[in-house]
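*Asks:* Would you mind keeping the following structure in view while I ask a few things?
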Amino acid sequence: MKWSISAGRIFGIKLRIHLTFFLLPLFVFFSDIKEGFGQAGLSVLFVCAIFACVVIHELSHSLVARRFGREPKSIMLLPIGGVATIDMMPNKPLQEIVISIVGPATNIVIAILLALVGGSSMAVALKNHSNLTASEMFIFDLIAANIMLAIFNLIPALPMDGGRVFRSILALKFGFLRATLWAVTIGKAIAVLFVVLGFFYNPWLALIGLFIFSGANSEKQQAIYLTMLAQRPPDLTIPPEYINLGQDDRLP
Ligand SMILES: [Zn+2]
């Protein structure tokens with residue numbers, strides 16, 4: 001994990017922060033400084049709150065994977081989101097569906113909890129046609145961000161959660177490798193669309209597109225490797241007659 005620093009462990013899982021991540025709060029701070037130091041600080045706090053939700057999202061994948069006996073290796077924070085690294089099990093599509101879907105579901109649960117905390121005072125403000133306070137606005141935006149995170153992660157582009165669910169559904173019928181190749185093709189098509197749209201409208205979308213494209217390639221390589229590993233002969237030990245070499249033996 002080059003260019004990343006350790007941020008400790010959560011539930012025994014390594015949390016790492018990619019150095020490029022720190023560009024995001026800096027960018028947000030200097031973008032909003034024209035609206036005052038307080039507003040810029042609040043924007044940075046909001047970014048931190050979103051990424052706390054991202055960590056909870058990745059943690060939910062990791063902890064559910066652990067319940068299935070798979071080892072969550074690490075959680076990495078990047079400026080475009082989080083990545084949970086978990087051992088891949090090609091022959092467990094139903095497990096993969098549960099592990100993948102729990103992330104977006106966690107964001108929906110966070111949104112509901114936030115609505116329960118701030119919903120009543122927000123409803124009163126809206127009823128009285130008064131403006132939301134800064135804290136109400138903060139909670140409102142965080143609810144919206146969590147709903148967006150859930151929807152965005154469900155886009156069926158491997159390696160995103162929706163892509164993993166899509167691959168696993170295909171794998172039930174076509175097997176892991178063919179399912180992965182299909183999901184990678186669709187993931188790359190969506191990635192190219194993101195890059196093109198992002199180029200015109202939003203640079204972050206273009207970055208996410210590039211991330212999905214390179215992630216889809218890694219998924220393909222990993223699927224080929226795991227399939228070859230599963231198909232290797234069951235016993236590759238060398239027959240005894242080939243290893244009984246004495247000190248004085250010479251190769252021909
Ligand atoms: Zn996820």
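*Asks:* So SER130 passes all but one of these: (1) part of a helix (DSSP H, G or I); (2) more than 15 Å from the ligand (Cβ to nearest atom). Which condition number does it fail?
*Replies:* In the conditions (1) part of a helix (DSSP H, G or I); (2) more than 15 Å from the ligand (Cβ to nearest atom), SER130 misses (1) alone.
*Asks:* Next question, about the same structure. Considering the stretch 84-105 alone, what residues qualify as being touching a Lys or Arg at 6+ places or on another chain (Cβ under 7 Å) and not hydroxyl-bearing (Ser, Thr, Tyr)? Spell out how you get there, then give the answer.
*Replies:* Taking the stretch 84-105 first, the residues touching a Lys or Arg at 6+ places or on another chain (Cβ under 7 Å) are 85-87, 89, 96, 100.
Of everything in the stretch 84-105, those that are touching a Lys or Arg at 6+ places or on another chain (Cβ under 7 Å) and not hydroxyl-bearing (Ser, Thr, Tyr) turn out to be ILE86, ASP87, MET89, GLU96.
*Asks:* Restrict the check to the stretch 49-62 and report whether at least one residue is surrounded by 12 or more Cβ atoms within 10 Å (Cβ to Cβ) and more than 16 Å from the ligand (Cβ to nearest atom).
*Replies:* yes
*Asks:* Among GLU71, GLU136, which is more than 16 Å from the ligand (Cβ to nearest atom), surrounded by fewer than 20 Cβ atoms within 10 Å (Cβ to Cβ) and under 23 Å from ILE17 (Cβ atoms)? Can you show your working first?
*Replies:* Working: GLU136 fails: under 23 Å from ILE17 (Cβ atoms).
The conditions single out GLU71.
*Asks:* Out of LEU94, LEU45, which single residue is away from the ligand (no atom under 12 Å from the Cβ), surrounded by fewer than 17 Cβ atoms within 10 Å (Cβ to Cβ) and within 19 Å of ILE155 (Cα to Cα)?
*Replies:* Within the list LEU94, LEU45, the selection yields LEU94.
*Asks:* Just to be sure, is ARG66 assigned to a loop (DSSP other than H, G, I, E, B) and within 16 Å of the ligand (Cβ to nearest atom)?
*Replies:* Values: assigned to a loop (DSSP other than H, G, I, E, B): no; within 16 Å of the ligand (Cβ to nearest atom): yes.
No.
Yes/no matrix, rows are residues, columns are (1) free of Cβ contacts under 8 Å to residues at least 12 places away in the same chain; (2) within 16 Å of the ligand (Cβ to nearest atom); (3) not in a helix (DSSP H, G or I):
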{"site": "ASN107", "(1), (2), (3)": "no, yes, no"}
{"site": "ILE110", "(1), (2), (3)": "no, yes, no"}
{"site": "ALA125", "(1), (2), (3)": "yes, no, no"}
{"site": "ILE143", "(1), (2), (3)": "no, no, no"}
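Rule-based calculations on the coordinates, nothing more; no lab input. Just so you know, these numbers come straight off a predicted model, no measurement behind them. For neighbour counting, all protein chains shown are included, and Cβ atoms are generated from backbone atoms with ideal geometry for every residue, glycine included.
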